[in-house]
Each structure stands twice: as structure tokens, then as C-alpha cells.
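K.L.:
Take this structure first; my questions come after.
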Amino acid sequence: TFKKYREEIKAPHFVFYIKEYLTEKYGQDILEEWWLKIYTTLDLDAQNKAEEIIKKQVETNKSLNATNSALISIDNRYWDIVAYVWSADYFNETIGWNVDIITSKRQPWSSFKSLVYSLAIDKNAIGPLTPIYDTKTTFPWDYTPNNYDLKTMGKMTILTALNYSRNIPAVKAYYLAWWQNAIIESLKAFWITSLNSKFNYWAPLSLWAWEVTPFEMVQAYSVFANLWTKIEINPIKKILDSKWIVVEEKRQVIWKKVLTDATAYIMATILSDGSARPS
């Protein structure tokens, strides 16, 4: 019986993500032969905490037959990646150690509802206290969705509907956001590019009937945190070659407006209101 191979390497998930990222950008030869000095945005304290959180979460989820978990964290002031973990143990091949969950397509479940609501608010000038009905509803093509608890709660505000993650109001938000093609096109500005307009998602698009990457989702949510602005997420501070010549350096970022000021403020307010969530 041989001892399982492990390397004493800090933040292995992030290290090998950076290696793949730079290989695609510069090529394998340059990466291996230029003796590059690579300065990243990683915060080692945040990374260690993230790895600790992931290990605890996997233990908690064992009762649900879930064997893996992932986490990406960014600094919303600068759009820098500060923590990047795609499994509880990089060297444990039984939990998919060689698959980067952060850049892999997964079902986003209810986390996608916020994006649909933001578009509905943006297009209709409605707010957190606008009423919406959580009642049994049959939508076009005989689609009758249920809530996760198989119950309805009647009249409520958009703030309550989103914080309670009600499915039926979320489907109504899909229609307020002008249906599938308008949603897919609008979300490209949020970095959501995995959706295919040629595929018929229809109303279930507002719930979880497709796949996107966690990397896309963290970029999309950064728009809410920064009140309408969009900047490309960055893992690199600078790169120097063997002669200390700058190969790459983080430059002045370009800000792009994605939502109106009012919509971004409304969404940030809704998502920050812990009192509106079920206890």
C-alpha cells in the first residue's frame, strides 16, 4: 500500500487556474521558458478561510449525498479574485479534483432569479414594494410551475418574493423582463454568455432550467454590489520576465454602465435586506 501523493503547495486550485489562464493567453512555451515572475491578486488569508469553509460545507452536505463544493470570492472595489477553491481537497481524485467547478457549467438554481428581477425592474420602472401575486398560475404553453414548498403565499411585494425565493412570481418576472431573447441578450452585459438563444428555455429560464458557470455568476452579482458598473474580473497584478521587464500589468479599468442607477440601487437594497428573508 503506497502513500497517496500530495504536494505541499498553497492554494493549489488558484495556482493551477492561473497556470491554465496564462497558458491560454501566452502559450505553454513562454510560460515554461521565460522564467516569469507572476504577481497575483490572491489574498492568502481569504484563500485559507475559503478552503476551511468548503471543507466544513462538504461535511454538512454529506447527508444530501453531495461530495463537493466550490467558492470564488472577489474584491468588488477592484474586481480582483481574492479566493478560488473548486473542491474540498485538490489531491482527492474521488471528488473530481481535476475539474475546475468555477469555470464549469452548473445549474444556478434560484441565484439566477435576481438577474431576471433586475431586468424586469429596469424595463418596467417597478420597485421593491410593487405588489406581485404568488398564486397558482398557468402560463403560455400550459406551463404551471410550483414553489419549492408546493404552497402559495398570495399577494406580496417583489422584495418578499425574491427574498423568499418564490418560483411563481419569478416566472412572472420573466415576462416582465420581455421573455427569453430579451433576457439572454441583456445578460450578455452581465458576462452571462453560456445561454444559447437558439435553445427554447422559455419561462423556466427564470428558475434553473439550464447551466452557467459560477465564474459568470460572481461577475454578474458584482454589478449589484457596485451599483450598475461592470469591470472585467482580474487575477493578475503584474508579470515580469527574467530581466524584470514588465510583460503584463494591471491597467486602469474601463467602467461600463449595465443597469440604471435606480435599478442597481433597488437590487442592492433587496439583496441586503436580511429582515425580508424567512427566519
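K.L.:
Does any residue of the range 154-174 turn out to be over 30 Å from Ala83 (Cβ atoms), open to solvent by less than 20 Å² (accessible area, probe 1.4 Å), touching a residue at least 24 places away in the same chain (Cβ under 8 Å) and touching a Gly at 6+ places or on another chain (Cβ under 9 Å)?
P.N.:
Yes, there is a match, as at least one residue in the range 154-174 is over 30 Å from Ala83 (Cβ atoms), open to solvent by less than 20 Å² (accessible area, probe 1.4 Å), touching a residue at least 24 places away in the same chain (Cβ under 8 Å) and touching a Gly at 6+ places or on another chain (Cβ under 9 Å).
K.L.:
Considering (1) over 17 Å from the mean Cα position of the chain (by Cα); (2) farther than 21 Å from Tyr78 by Cβ, say which one Ile239 fails and leave the rest.
P.N.:
(2) is the only condition that Ile239 fails.
K.L.:
Return yes when Trp109 is closer than 30 Å to Ile168 by Cβ, in contact (Cβ under 8 Å) with a residue 24 or more places away in the chain and of a type in the set (Phe, Trp, Tyr) and no when it is not. Full working, then the answer.
P.N.:
Values: closer than 30 Å to Ile168 by Cβ: yes; in contact (Cβ under 8 Å) with a residue 24 or more places away in the chain: yes; of a type in the set (Phe, Trp, Tyr): yes.
So Trp109 passes the test.
K.L.:
If I go through the range 233-279 residue by residue, how many of them are open to solvent by 70 Å² or more (accessible area, probe 1.4 Å) and touching a helix residue (DSSP H, G or I) at 6+ places or on another chain (Cβ under 8 Å)?
P.N.:
Within the range 233-279, residues that are open to solvent by 70 Å² or more (accessible area, probe 1.4 Å) and touching a helix residue (DSSP H, G or I) at 6+ places or on another chain (Cβ under 8 Å) number 2.
K.L.:
Going through the range 200-226 one residue at a time, which ones are β-branched (Val, Ile, Thr) and either open to solvent by 10 Å² or more (accessible area, probe 1.4 Å) or under 15 Å from Met267 (Cα atoms) (or both)?
P.N.:
Passing the criteria: Thr213, Val218, Val223.
K.L.:
While we're on this one: Strands (runs of 3 or more DSSP E) wholly in the range 27-96 with at least 2 residues that are open to solvent by 30 Å² or more (accessible area, probe 1.4 Å) - which ones?
P.N.:
The qualifying strands (runs of 3 or more DSSP E) are 37-40, 71-75.
K.L.:
Now for a separate question. For the range 119-144, how many residues are assigned to a loop (DSSP other than H, G, I, E, B) and either of a type in the set (Val, Ile, Thr) or modelled with pLDDT under 95 (or both)?
P.N.:
Final tally of qualifying residues: 10.
K.L.:
Here is a follow-up. Return the residue satisfying two criteria in turn: it lies in the range 133-147 and is without any contact (Cβ under 8 Å) to a residue 12 or more places away in the chain and of a type in the set (Val, Ile, Thr), and of such residues it is least open to solvent (accessible area, probe 1.4 Å).
P.N.:
Filtering the range 133-147 for residues without any contact (Cβ under 8 Å) to a residue 12 or more places away in the chain gives 138, 142, 144.
Pick out the ones that are also of a type in the set (Val, Ile, Thr) and you get 138, 144.
Numbers: Thr138: 87, Thr144: 54 Å².
Once the filter is applied, the top-ranked residue is Thr144.
K.L.:
Could you please find all residues in the range 114-132 being crowded, with 16+ Cβ neighbours inside 10 Å and touching a Lys or Arg at 6+ places or on another chain (Cβ under 9 Å)?
P.N.:
Listed by number, the residues that qualify are Ala120, Ile132.
K.L.:
Still on this structure, please answer the following. Does any residue in the range 63-77 that is farther than 15 Å from Met217 by Cα come within less than 6 Å, Cβ to Cβ, of a residue that is of a type in the set (Gly, Ala, Ser) and crowded, with 20+ Cβ neighbours inside 10 Å six or more places away or on a different chain, and which pairs are these?
P.N.:
Once the first residue is farther than 15 Å from Met217 by Cα and sits in the range 63-77, its partners that are of a type in the set (Gly, Ala, Ser) and crowded, with 20+ Cβ neighbours inside 10 Å give Asn68/Ser87.
K.L.:
Give the range 21-62 a look and list any residue that's among the acidic types (Asp, Glu) and in contact (Cβ under 8 Å) with a residue 24 or more places away in the chain, or say none.
P.N.:
Once the filter is applied, which keeps residues that are among the acidic types (Asp, Glu) and in contact (Cβ under 8 Å) with a residue 24 or more places away in the chain, the range 21-62 yields Asp43, Glu51.
K.L.:
Just to be sure, is Ser69 in contact with an Asp or Glu (Cβ under 9 Å, 6 or more places away or on another chain) and within 16 Å of Pro12 (Cα to Cα)?
P.N.:
No, not satisfied.
K.L.:
Let me ask something additional. Taking the range 1-40 on its own, how many of its residues are modelled with pLDDT of 90 or more, on the phi < 0 side of the Ramachandran plot and either in contact with a Phe, Trp or Tyr (Cβ under 8 Å, 6 or more places away or on another chain) or aromatic (Phe, Trp, Tyr) (or both)?
P.N.:
10
The values are calculated or read from the model by the stated rules, or taken from the named source; none is laboratory data. Everything numeric in this text was worked out from a predicted model, so none of it was measured. Cβ coordinates were reconstructed from backbone atoms using ideal geometry, including for glycine residues, and neighbour counts include every protein chain displayed. Areas reflect the complete protein model, heavy atoms only, side chains present, ligands, DNA and RNA absent. Shrake-Rupley method; radii C 1.70, N 1.55, O 1.52, S 1.80 Å.
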